[in-house]
Amino acid sequence: MKNNINHIPPPGEFRRALKSRHIQLISLGGIIGSGYFLGTGALINQIGPSIFIAYILTGLIILVTMQCLGELAVTIPIGGSFINYTADFISPSLACGVGWAYWISWVVYIPAECLAGGIIMQFFTHINGYVWAVIFGLMITYINLSKVGTFGEIEFWLSLIKISCLIIFSIIAILIFFNVIPNNTQGILKTKYIYEHGGLFPKGWLPFFSGMVLLLVNYQGSEIIGITAGESIDPQRMIPQAIKSVTFRILLIYILPVICLMLIFPWELASTRNSVFAEALKMYHLNTLATGVSFVTLAAAISSSNSGIYGTIRSLSALSRLGMAPAQLSKLNHNAVPQYAGILTIFTIWSLLLMTFLFGQSNLYIALLLISGFTGTFAWIAICWAQISFRKEIIKRGYTYKDLKYATPLSPIAPIIAIICMILFLFLLAFHQQKEYKIAFILGCNCLILPMLWFYIRSKKNQMQVWTSSSLELFNKEFPFQD
């Protein structure tokens, strides 16, 4: 398969208008949302200072998933990637379930991001947070109805703001830890807030593992790198670069700030009233910096929502192309954007956002994050599973991993371990004491199973294959059967 940097898409195909820096920051924008700045507070309060261990564990899982996705996306660069890969290498019925669950995960998550922005603005302005949530919803809608290139540029700068904030916070936290910035102990803090407040696991092991889904939602969006393959200028070069870059940034910009946070902040004080990072700075009388971090949470909410709408619209378009959604949803407008898929997605988001007026903001915010994390995890499981099946298929055709332009290290052992861990996290959600977790488990399972049953019954009723996959054609060109 040859690269074509100046590719001009035929009618109905995505326009390749995203540059390398856009792709890297789009994915990073998706995974650094308000759930990281605001939702992390609820998770710390639930599981204690071992939150940094949880971030490391889930970070490793996402690292494996990203590498699996990179292997598939470089070989088969197509929009709505993991849905196509699931259909081709696992099962069309599972692809339908995973695709619709993924769409639901973002449709639920984006109102949560708007609510997060509202919570922050209400904290500062005392104006009802729902008013601010609607304003953020309008901003996000406008950005995502723009051209692909415009979206990429806006997302680039919003993500850059978040990255800078987290780097600055980490530096300041280190200075506090070593008493360069006074920490009221006249010395190094050592492990004061790690072990002296009930230990690493003050509430036991079950809350630690059952809370993983709430944490996984903070990484949601990393799979968008694969979705951008259909609109990137040179996917075989840019996708591996983006994966390596984002992997490094997950470790540096995601895990490091949480470790630094727990070194300087008692876990009992964490909540969703404000960004937990801002509260940590206020504890050391750095009020101006704390205010700045709170407002960066707003950029995080808008940025993550932008990435989410981008990915979910294109996944819905992919479902349509495979015959798993109405055919009109795959049609592109003159800006090469799936217009009808966008209208349905944005309409559903607005419906959910307006319904949130009936519930309490903080509790609803966590509930939406849980449902989003549960349904979104199905996509990551499918990516790892598809990569394992993909490897088996190329071996059948007489090839090895050395023939791949990008190969997943430690495959298939690493993907299998990742799948087992993610299934375990989802299963344990049913045993959590809080009812929001149990409800998320029930709704999440239905979001996967019902579309699968619908597609299976439809296929049997028609007694024919109701889906077509252009990704399989690309795969056959790259790895034709050997004589």
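We did not get these values from a lab; they are worked out from the coordinates using the rules stated. Note that this is a predicted model, so its numbers are computed, not measured. No Cβ is skipped: glycine too gets one built from the backbone with ideal geometry, and neighbour counts run over all protein chains shown.
Output the peptides 446-452, 258-264, 106-112 sorted from most to least packed, where packing is the average of other Cβ atoms within 10 Å over each peptide's residues.
Numbers: 446-452: 18.1, 258-264: 22.7, 106-112: 28.7.
Per-residue mean Cβ counts within 10 Å order the peptides as 106-112, 258-264, 446-452.
For the charge dipole of the stretch 20-460, defined by +1 on Lys and Arg C-beta atoms and -1 on Asp and Glu C-beta atoms about the Cα centroid, which residue among Ile264, Asn184, Pro207 has the Cα displaced farthest towards the positive pole?
It is Pro207, whose Cα lies furthest towards the positive end.
Please give the contour-minus-distance gain from Ile174 to Ile439: 0.36 nm per residue of separation, less the Cα-Cα distance, rounded to one decimal in nm.
91.4 nm
Can you work out ³J(HN,Hα) from phi for every residue in the stretch 260-272, in order, using Karplus 6.51 cos²θ - 1.76 cosθ + 1.60 and θ = phi - 60°, giving whole Hz and x for Gly and Pro?
With the stated coefficients, the stretch 260-272 comes to 4, 4, 6, 6, 10, 9, x, 5, 5, 8, 6, 7, 10 Hz.
Sorted by packing (mean other beta-carbon atoms within 10 Å per residue), highest first, where do 280-292, 321-333 land?
Averaged packing, sorted descending, gives the order 321-333, 280-292.
If you average 1/r across every pair of different Cα atoms in the stretch 20-460 and take the reciprocal, what Kirkwood value do you get, in Å?
Its Kirkwood hydrodynamic radius stands at 21.8 Å.
What dipole magnitude, in Debye to the nearest 20, does the stretch 301-458 give about its Cα centre under +1 on Lys/Arg Cβ and -1 on Asp/Glu Cβ?
Magnitude of the dipole: close to 500 debye.
Rank-order 202-209, 36-43 by packing density, defined as the average count of other C-beta atoms within 10 Å over each peptide's residues, highest first.
Ranked from most to least packed, the peptides come out as 36-43, 202-209.
Using 7 Å Cα-to-Cβ label points, what is the Asn287/Phe347 separation (nm, one decimal)?
Label at Asn287, label at Phe347, 4.9 nm between them.
Just to check I understand the Karplus step: with θ = phi - 60° and J = 6.51 cos²θ - 1.76 cosθ + 1.60, what whole-Hz values come out for the stretch 400-417, glycine and proline as x?
10, 5, 5, 7, 7, 6, 9, 10, 6, x, 6, 7, x, 4, 4, x, 5, 4
Can you figure out the FRET efficiency of Ile161 with Thr185, using R₀ = 30 Å and their beta-carbon distance, to the nearest 0.05?
Given R0 = 30 Å and the Cβ-Cβ separation, E is 0.40.
How big is the Kirkwood radius of the stretch 235-311, worked out from every pair of different alpha carbons and given in Å to one decimal?
Evaluated over the stretch 235-311, this radius sits at 14.5 Å.
Say the cut-off is 22 Å between C-alpha atoms; which of Lys331/Lys405; Lys203/Lys438; Lys244/Lys396 go over it?
Check vs 22 Å cut-off fails for Lys331/Lys405; Lys244/Lys396.
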